[in-house]
1. Note down the nm distance, to one decimal, between modelled labels 7 Å out along Cα→Cβ at TYR90 and at GLU362.
2. Give, as a single signed number, the net charge of other residues whose beta carbon lies under 11 Å from the beta carbon of ALA127, with Lys and Arg counted +1 and Asp and Glu -1.
3. List the trypsin sites (Lys or Arg not before Pro) within the range 1-105 that fall in a DSSP loop (any state other than H, G, I, E or B) and whose Cβ has at most 12 other Cβ atoms within 10 Å.
4. Given VAL402, ILE345, THR254, which one lies farthest toward the positive end of the charge dipole of the chain, if we put +1 on the Cβ of every Lys and Arg and -1 on the Cβ of every Asp and Glu?
5. Would you calculate a helix-derived [θ] at 222 nm for the chain, using -39,500 (n - 2.57) for each DSSP H run of n ≥ 4 and dividing by the full residue count, to the nearest 500?
6. GLU48 label point, 7 Å along Cα→Cβ, cut-off 13 Å on backbone N: hits in the range 242-270?
7. Mind giving me the FRET efficiency for ARG403 and CYS346? R0 is 25 Å, r the Cβ-Cβ distance, nearest 0.05 is fine.
8. Evaluate the relative contact order of the range 105-278 (contact order divided by residue number), counting alpha-carbon pairs under 8 angstrom at least 6 apart; express in whole percent.
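Just so it is clear, none of the values below were taken in a lab; they were calculated from the coordinates. If you're wondering where the values come from, they're calculated on a predicted model, not measured in any experiment. Because the Cβ atoms are built from the backbone with ideal geometry, glycine has one as well, and the counts that use them run over all protein chains shown.
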Amino acid sequence: MLDSNYFHYTAATLHCDEVSLEKLAATFGTPLFVTSRRSLIESCLTFEHAFKELPHFTCYSVKANFNLTVIRTLAELGCGCDVNSGGELYRALQAGVAAEKIIFAGVGKRADEIAYALQSGVLMLKAESLPELRAINQIAGELGKRASVAIRINPNVTAETHPYITTGDSKEKFGVDEAELAELFSLFSEFPNLKLVGLDMHIGSQIFDPEYYVAATTKLLTIFKLSKELGFAIEFLDIGGGFPVTYDPLKPATPIERFAEKLVPMLRSLGVKVIFEPGRYLVANASVLLTRILYKKSNHTGKQFFVVDAGMTELIRPALYQSHHEIQSVKLHEKTVVADVVGPICESSDFFARQRAIPAAEEGELLAVMSSGAYGAVMGSNYNGRLRPAEVMVNGSEVKLVRKRETLEQLVENELF
């Protein structure tokens with residue numbers, strides 16, 4: 001979505017804040033991720049304002065975008081972090097996030113990652129199975145620690161979203177099935193090195209209808225009541241993330257205030273702190289992927305192609321999820337042409353748009369793939385020997401390089417003959 005506040009046309013040229021994207025491409029090359037710091041801040045403040053009446057703690061979901069400067073920007077606004085690996089924990093700590101504001105999630109934590117989290121002093125580990133609880137208990141005992149844990153509950157709520165990003169259905173790998181919880185609670189007496197402090201859920205991503213959250217939260221509250229009856233002192237209820245953003249202007253996201261209207265009355269008077277884990281909501285529309293048109297071609301049927309210098313190695317969402325991203329020309333064009341926008345990767349799935357009305361830009365001009373701040377650079381790869389692109393952050397008229405472009409030497413530096 002073209003954000004009129006942060007990505008806008010000035011003198012017929014697309015700008016981020018006060019900086020021309022043409023100037024950024026000339027300085028840093030393409031492909032290039034461009035992030036508006038002001039957009040990050042506004043998204044965070046909007047989220048916080050929506051839930052201001054609820055005692056809560058916002059943990060940014062690092063998997064959406066783990067650039068250190070992005071993490072630090074949100075941490076400076078008071079956010080903690082939700083991490084899913086030792087690598088994400090390391091990044092959060094390097095970005096300056098206090099360990100006691102970090103929660104460690106993930107369905108498949110290795111023993112060394114559990115130990116790293118406990119030694120770092122994270123707020124809690126979110127466990128997703130009985131075997132994992134046993135492992136945390138053992139490792140905590142070996143380290144002479146008592147681990148604070150939350151149980152991730154699978155509420156068996158199937159939200160209407162892409163099947164690859166639904167996570168609250170009992171058919172998926174995540175969490176403990178609600179039917180198994182009473183038995184699991186009874187086993188906590190076997191775990192002297194664990195302290196149950198939280199209950200957690202996450203039903204998926206890009207959830208447009210607040211009623212799915214209502215249904216899942218209702219189940220979570222039933223389990224919360226059971227835990228209290230069994231004598232557990234639950235301090236945190238984690239509602240997860242998944243709040244939607246607009247990628248396609250024809251499918252606008254439900255405002256975050258609509259979710260707050262439903263959730264705040266359900267959670268306000270429980271005497272616990274509610275944790276939210278927004279990721280995409282905070283970062284998706286803060287960035288664009290800037291790419292240059294290498295060639296324009298057509299086939300024998302007359303089908304048009306724009307071949308650009310970015311591809312699925314920079315932004316895999318269209319290939320993986322068939323996701324829509326708006327595409328703007330950096331130089332304003334009134335006319336459009338129906339075309340595929342495709343990348344240089346040796347896969348037929350390497351595209352950003354299929355048979356879409358695209359600004360009638362010429363070879364050598366720049367296109368901006370909008371809403372690329374979430375699951376863009378963070379899911380990038382070196383497939384086809386590609387170099388990971390540079391990333392810049394814009395704050396008004398100020399520009400900072402926040403990730404250098406990868407070099408050919410870095411492609412092979414870890415390999416041995």
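1. Output for this residue pair reads 4.8 nm.
2. +1
3. Passing sites in the range 1-105 are LYS52.
4. Value computed over the given set: VAL402.
5. -8000 deg cm²/dmol
6. none
7. 0.50
8. This gives 20 percent for the range 105-278.
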